[in-house]
Amino acid sequence: MRIFSFLLVVVLGTATCFGQKSVSVCGEYRYVAPENVSREQARNIAIERARNKAMADEFGTIISEVNTSITKSSADGYNAKDETVFNTYGGTESKGLWLSDNSEPEISETFENGFFVINVKVCGKAKEFKSADLELNVSSLCNGIESDRFRSKDRFTVKFKTPVKGYLAIFLLDDNDVASCLLPYESGEAVEVNNKEEYVFLTTSDPNYPWGEETILETEKEVEYFRIYYIFSKNSFTMPMTENGEYVPELQRIKFEKWLLKNRIHDEDMQVIQRVIEVRKGK
């Protein structure tokens, strides 16, 4: 059985600007760090959010979210009752790409009411990201049925159809800050797809699938939310590589985001679709 426990994300990096004109932007952010976040992680999060805010103020935002509910039963004699908890999971991404810092981020750190607080100001060059707007048909399948809600050990496959010939890669990310490539399966190049076929990936029915057992999702938590990235372009693109040119199917979040940023800047035909799926413990 092929098992995945998966990962979540944000965009950083520097690159040379192609296409649209770059502009100077500045942004500030105040981050109150949770106890389980290290000082270095807190600084990186604060800088990244300040950059995102600067670009959002200039270019606007894209909002993605999913609404969920958990019903919990408590057996306590005559007081037994069901309690439903509603949650919203998602995020806001600016319609911009951060190209470079004009200067080092200005950072001040304090402790307030027992919490580590970081105030950051950044200034840099950014450009508006104008994504391709193809009508891509993408969906996750739970045991063969279209759904974004799973139970632990459910079978996970992906259905995909494109109106034009192109190339596809799929990543799945969670809050462990490790990015796992689901497609391509083993090679270092995005998978070529055409507009005459509806594809189902991550299953033994796919003739190119190299493993003998189906892909499943598994969690030990009450509920987890995973984010899938569908990366498509009319142009061929290469997967993350080491300096020696070896394909890297798993990599840290920051390295994944730098790789994705570089591709999006160099390829204005690249389109990235994000979807959130829910996985609950047990049957």
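Observations on the model:
- Under the combined filter of DSSP loop state and at most 16 neighbouring Cβ atoms within 10 Å, segment 99-197 retains these GluC sites (Glu not before Pro): Glu135, Glu186, Glu197.
- Exposure ranking of Tyr230, Tyr167 by accessible area [1.4 Å probe, largest first]: Tyr167, Tyr230
- Whichever aspartates and glutamates have a C-alpha closer than 17 Å to that of Lys196, once near sequence neighbours (fewer than 8 apart) are set aside: Glu135, Asp206
- In terms of accessible area, using a 1.4 Å probe and ignoring ligands and nucleic acids, Ile231, Ile254 rank largest first as Ile254, Ile231.
- If the chain linking Asn176 and Glu192 were pulled fully straight, counting 0.36 nm for each residue of separation and taking away their Cα-Cα distance, it would gain 2.8 nm.
- A 1.4 Å probe run over segment 213-283, with the rest of the protein chains in place, finds 48 Å² accessible per residue.
- The alpha carbon centroids of segment 154-191 and segment 216-283 are separated by 7 Å.
- Listed pairs Lys234/Lys262; Lys53/Lys121; Lys127/Lys255 exceeding 19 Å between Cα atoms: Lys127/Lys255
- The alpha-carbon of Lys281 sits under 18 angstrom from the alpha-carbons of these lysines, leaving out residues fewer than 8 places away in its chain: Lys72, Lys153, Lys221.
The values are calculated or read from the model by the stated rules, or taken from the named source; none is laboratory data. Nothing here was measured: the structure is a model prediction, and the numbers come from that model. Heads up, the Cβs are rebuilt from the backbone with ideal geometry, glycines too, and the neighbour counts pull from every protein chain shown. All accessible areas refer to the heavy atoms of the entire protein, side chains included, with ligands and DNA or RNA removed. Shrake-Rupley method; radii C 1.70, N 1.55, O 1.52, S 1.80 Å.
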